[in-house]
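Below: one structure, written as structure tokens.
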Amino acid sequence: GENVEQHPSTLSVQEGDSAVIKCTYSDSASNYFPWYKQELGKGPQLIIDIRSNVGEKKDQRIAVTLNKTAKHFSLHITETQPEDSAVYFCAASKGTTDSWGKFQFGAGTQVVVTP
Amino acid sequence: DTAVSQTPKYLVTQMGNDKSIKCEQNLGHDTMYWYKQDSKKFLKIMFSYNNKELIINETVPNRFSPKSPDKAHLNLHINSLELGDSAVYFCASSQVAGNQPQHFGDGTRLSIL
């Protein structure tokens, strides 16, 4: 089955700097890659997603890039702010009938933005 | 309005008891999910229902039984609770079963004494 590896497990950045989180997936049939942000005591919230027919997607300070050949995708946060501090999860899924879009999540990255 | 709501938020109980967690979504979605998040924050799918029909059933002890009375509700009943069941359980929903964004509730923290 699909396996998603996420690095780093923790990331400390100074406010205003950029943060990059990388994920690698194993199943070349995966074609949907969402990113979630989880704040303390809350459920994961979708922040951006990308499909395999696109190489890059941006939404204000966040962007995601996808390299299908290398089977990895990355989250980029620019001009980090203290409210960006949270755990970030990547996920991969394939839209086949047998998988029903089942998400395989990475292990998460704890991001700490220090003022 | 909360899109995906779970009750209770906290559940503290003794080993061997039976407990239920309820989930409701008001997004009009067809598909709902249960996830387990362990102490290391790892998120693992347990079950998924599409229009009240079970479509994903991961390797979960049969002490866990999901029930979907209608497509807006998905409950999780756990029999004979064990220490290893302590975790945060998340309900989620998506418009359809497939490569669609999933919307999560805020979780139920289950603690077994």
- Candidates A:Thr114, A:Thr69, filtered to the one that is within 22 Å of A:Gln14 (Cα to Cα), among the β-branched types (Val, Ile, Thr) and more than 13 Å from the chain's Cα centre (by Cα): A:Thr114
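Would you check if there is a residue in region B:62-80 being of a type in the set (Val, Ile, Thr) and at pLDDT 95 or above?
Checked region B:62-80: at least one residue is of a type in the set (Val, Ile, Thr) and at pLDDT 95 or above.
Taking region A:91-115, which residues are in a strand (DSSP E or B) and either within 11 Å of another protein chain (Cβ to nearest Cβ) or crowded, with 20+ Cβ neighbours inside 10 Å (or both)?
Passing the criteria: A:Ala91, A:Ala92, A:Ser93, A:Gln104, A:Phe105, A:Thr109, A:Gln110, A:Val111, A:Val113.
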- Query: Does B:Leu76 satisfy being more than 19 Å from A:Phe89 (Cβ to Cβ), exposed (fewer than 13 other Cβ atoms within 10 Å of the Cβ) and within 14 Å of the chain's Cα centre (by Cα)?
  - Reply: no
- Message: Anything in region A:48-62 that is among the basic types (Lys, Arg) and part of a loop (DSSP other than H, G, I, E, B)? List them, or say none.
- Response: A:Arg61
- Task: For region B:1-92, please list each of the strands (runs of 3 or more DSSP E) lying entirely inside it that holds at least 3 residues being among the charged types (D, E, K, R) and out of contact with any Asp or Glu (no Cβ under 7 Å at 6 or more places or on another chain).
- Result: B:19-25
- Report yes if some residue within region B:62-81 is in contact with a Ser or Thr (Cβ under 6 Å, 6 or more places away or on another chain) and within 12 Å of chain A (Cβ to nearest Cβ); otherwise report no. no
- Would you mention how many residues in region B:89-109 are closer than 19 Å to B:Val60 by Cα, buried (at least 23 other Cβ atoms within 10 Å of the Cβ) and within 7 Å of chain A (Cβ to nearest Cβ)? 1
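Matching residues to (1) farther than 28 Å from A:Asn3 by Cβ; (2) among the hydroxyl-bearing types (Ser, Thr, Tyr):
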| residue | (1), (2) |
| --- | --- |
| B:Ile45 | no, no |
| B:Ser48 | no, yes |
| B:Leu54 | no, no |
| B:Ser68 | yes, yes |
| B:Glu82 | no, no |
- Message: Being farther than 22 Å from A:Thr96 by Cβ and buried (at least 18 other Cβ atoms within 10 Å of the Cβ) is the filter here; which residues of region A:17-35 pass it?
- Response: A:Ala19, A:Ile21
- For region A:59-89, what are the residues that are more than 18 Å from A:Glu39 (Cβ to Cβ), in contact (Cβ under 8 Å) with a residue 40 or more places away in the chain and of a type in the set (S, T, N, Q)? A:Ser74, A:Thr78
- Item | In region A:55-99, residue nearest to A:Val111 (Cα to Cα) [restricted to those that are in contact with a strand residue (DSSP E or B) (Cβ under 7 Å, 6 or more places away or on another chain) and β-branched (Val, Ile, Thr)] | A:Val87
- Would you be able to say whether some residue in region A:71-90 is surrounded by 20 or more Cβ atoms within 10 Å (Cβ to Cβ), facing chain B (nearest Cβ under 9 Å) and in a loop (DSSP other than H, G, I, E, B)? no
- Query: For region A:92-111, does any single residue satisfy the condition of being modelled with pLDDT of 95 or more and more than 28 Å from B:Asp38 (Cα to Cα)?
  - Reply: no
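The values are calculated or read from the model by the stated rules, or taken from the named source; none is laboratory data. Please read these numbers as outputs of a predicted model, since none were measured by experiment. Ideal geometry is used to build each Cβ from the backbone, glycine not excepted, and the neighbour counts take in all protein chains shown.
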